[in-house]
Amino acid sequence: MKQGIFKIAENSKLTDNVFKMKLLGDVSAITSSGQFINIKLDSLYLRRPISVFDCDNDSVTIIYKVVGRGTEQMSQMQVGQTLDVLTGLGNGYDTSLCENKAVLLGGGVGVPPLYMLAKELISQGKKVFVILGFNTASEIFCEEDFKALGCEVKVTTVDGSYGIKGFVTDALPENYDHFFTCGPEPMLKAVYKATKTSGQFSFEERMGCGFGACMGCSCKTITGYKRICKDGPVLKKEEISWED
């Protein structure tokens, strides 16, 4: 984990309530896809955790949805403003567990961390099949980004206004070695039931500190309680214990 001051280089609107922000600063603590950053905002006590969409030598890019005071404040920020950011948080995806063909399933704001993951898998010579799930056509983002990487991409919408009508599980291919997923818990539960291979899930939880000190995001697993911010947010399918 590393704390630093980052300058906003981009803060653009992708849909009615989804924004893309590029931050310039020291990103050396970000070592794998699936990790997140934690942003301090004026007048708000808790930092806001946001998944990493992409990262290069001197910048990190995030995609966030406006859902409350913190993200609303972020959406109004301008290029050139600075933010206090914790980077390199959480344990990300383990790409070594996929031998050849990976399926990536993302729902809504669970889509962003899959982009950097797709880049890693492709760089390792693996085939990547991406399934993006949204409620309706107006909510879709990042489809072209994944296609530009060379991924095979399918989009599902609940109302059938674009792509395949239904959920991400309705677009699962017949053959794949391993899957990676991120999204709301109902979607994750559906993916858990529908998939036939081992895979990795990225979870969302309300976080206090973001680095494992407060224990506020602890969740029950097969091997005991784990902190989503520190031991996760990525957990393997075999260790997940769903609470009814």
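Where a number appears in this text, it was derived from the coordinates with a stated rule and is not lab data. Keep in mind it's a predicted model, so treat the numbers as computed, not measured. Cβ coordinates were reconstructed from backbone atoms using ideal geometry, including for glycine residues, and neighbour counts include every protein chain displayed.
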Any chance you could get the radius of gyration and Dmax over the Cα atoms of the chain, in Å? 17.1, 50
Can you give the local net charge around residue 26? Use residues other than it whose beta-carbon is closer than 10 angstrom to its beta-carbon, Lys and Arg +1, Asp and Glu -1. 0
Nearest-20 debye value, the stretch 95-198 charge dipole, Cβ charges on Lys, Arg, Asp, Glu: 240
What size of dipole, in debye to the nearest 20, comes out for the chain about its Cα centre when the only charges are +1 on Lys and Arg C-beta atoms and -1 on Asp and Glu C-beta atoms? 320
How tilted is helix 113-123 with respect to the longest principal axis of the chain? Cα atoms for both, answer in degrees (0 to 90, nearest 10). 70
Going down the list 65/220; 154/226; 193/236; 165/220, which pairs span over 22 Å between their C-alpha atoms? 65/220; 154/226; 165/220
Between the helical axis of 185-194 and the dominant principal axis of the chain, each derived from Cα atoms, what acute angle in degrees is found, rounded to the nearest 10? 30
By average Cβ neighbour count within 10 Å, what is the ranking of 138-150, 171-183 from highest down? 171-183, 138-150
Euclidean distance between Cα centres, the stretch 9-68 to the stretch 154-206, Å: 24
Within the stretch 49-176, what percent of beta bridges assigned by DSSP are antiparallel, to the nearest 5? 15
Residue by residue through the stretch 146-155, what is 3J(HN,Hα) from phi via Karplus (6.51 cos²θ - 1.76 cosθ + 1.60, θ = phi - 60°)? Round to whole Hz and write x for glycine and proline. 5, 4, 5, 6, x, 6, 7, 10, 10, 10
